[in-house]
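In what follows, a single structure is set out as structure tokens and then discussed.
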Amino acid sequence: MFGMEEDISKAEFSERAGAVKLRVQMAVVAVGALLMCAKFAAFLFTNSAAILTDAMESIVNVVAGLVSLYGIRLASRPKDSDHPFGHGKIELVSASVEGLLILAAGVAIVCEGAARLISPAEIERLDMGLAVVALAGVANFLMGSVSIHFGRKYGSMALIAGGKHLHSDTYSTIGLVAGLLAVSLTGAVWIDSAVAVLFGLLIISAGVGVLRKTIANLTDEADEGRLKKLLKTVSDYRENDWIDVHNLKVISYGSDIFVDCDLTMPFFYTIERGHEVSESLKAAICGAFEGNVLVSIHFDSCARAHCSHCELSDCRYRREPFSGSQSLTMREITGSDEFMSENKI
């Protein structure tokens, strides 16, 4: 059952989520700005194309971080008459902008690296450049891990996208350091430009990944992970008069999760009893997720086809003998009314 104490707890969670996401993103932007300055300083000392591409990519990190910060700030606004589902979707827009910026940076880096392959430049003081790039890689990995952790905890696509971007920077940095070491040991300057091109291609791949994920969320693509979690929850907490649960959908708007489903109950239940049963299902669904979960349940009355697997032992209206319990599957729990009718479920 939902009580006032639980309602307050959910509201407090959403408010806290907005504050935490803002603090995390501000830290990401601040660290990104410091690393950008350090990388450009390293480029001025070394004249390395690979370090230049890393520094150019840091500009994207900072700009994208500021866009995400603005998006998270807007997303934390409470629901209003113009936005009855809240402002959470703005995070997906900011994450999409970040993906486009990452793509643009990747293309620019590939072009710069290719130009330097044709006309190599002399490289100096690689030892200092290596140290700066390596430390920046460690810092990016740590900040990316923090961003992904809180993004998953509070349902923030902007933080998750930013964190994965920082992780991709780290993996690219490993290759960049390896390339610079090869230049230092062999003196083959072309390796520096080749690493820059490879680095740019990896960044393009990261940008495509971010865009694919944000587009999937903007178009409300089914979240298989959450659906599987709901299937397990409904199966574990299923009561005898939950004859079946179907037409289940789940979407998210920032930290808010919206669940919609149909619940088939005995046709002779009163409205009051039906409400009690639905509250039990709501409690189970809300317990499966952290944060603010809004559940909408549509009631369906049972039919003769349900009798054979209805577990209500004291039903006076049974028209078919009980043949066995019916296990819920992903196919059934997400099936529409038409699907249920066609398959006589």
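Could you sort His309, His149 by accessible area so the largest value comes first, with the probe set to 1.4 Å?
His149, His309
Per residue Cα convex hull volume for the range 255-298, in cubic angstrom?
Each residue corresponds to 62 Å³ of Cα convex hull volume.
Project the alpha carbons of the range 230-274 onto their principal axes and report the range along each, largest first, in whole Å.
39, 22, 16
Length gain on complete extension for the stretch Asp314 to Leu201, per 0.36 nm per residue less the alpha carbon to alpha carbon distance?
34.1 nm is the gain from fully extending Asp314 to Leu201.
Against the globular-protein guess of 2.2 N^0.38 Å, express the Cα radius of gyration of the range 225-333 as a ratio, rounded to two decimals.
1.09
Could you compute the FRET efficiency for Asp236 and Glu276, with r as their C-beta to C-beta distance and R0 at 22 Å, rounded to 0.05?
Numbers: r = 20 Å, r/R0 = 0.89.
After rounding, the FRET efficiency stands at 0.65.
Sorted from largest to smallest, which semi-axis lengths in Å does the alpha carbon gyration tensor of the range 103-216 give for its equivalent ellipsoid, taking the root of 5 times each eigenvalue? Kindly include the intermediate steps, with their values, before the conclusion.
Values: eigenvalues 177, 59, 12 Å².
That gives 30, 17, 8 Å for the three semi-axes.
The values are calculated or read from the model by the stated rules, or taken from the named source; none is laboratory data. As the structure is a computational prediction, the values presented were derived from the model and not from experiment. Methodologically, a virtual Cβ is constructed for each residue, glycine included, from the backbone with ideal geometry; neighbour enumeration extends over all protein chains shown. Ligands, DNA and RNA are stripped out before the accessible areas are found, and what is left, the full protein with its side chains, is counted by its heavy atoms. Shrake-Rupley method; radii C 1.70, N 1.55, O 1.52, S 1.80 Å.
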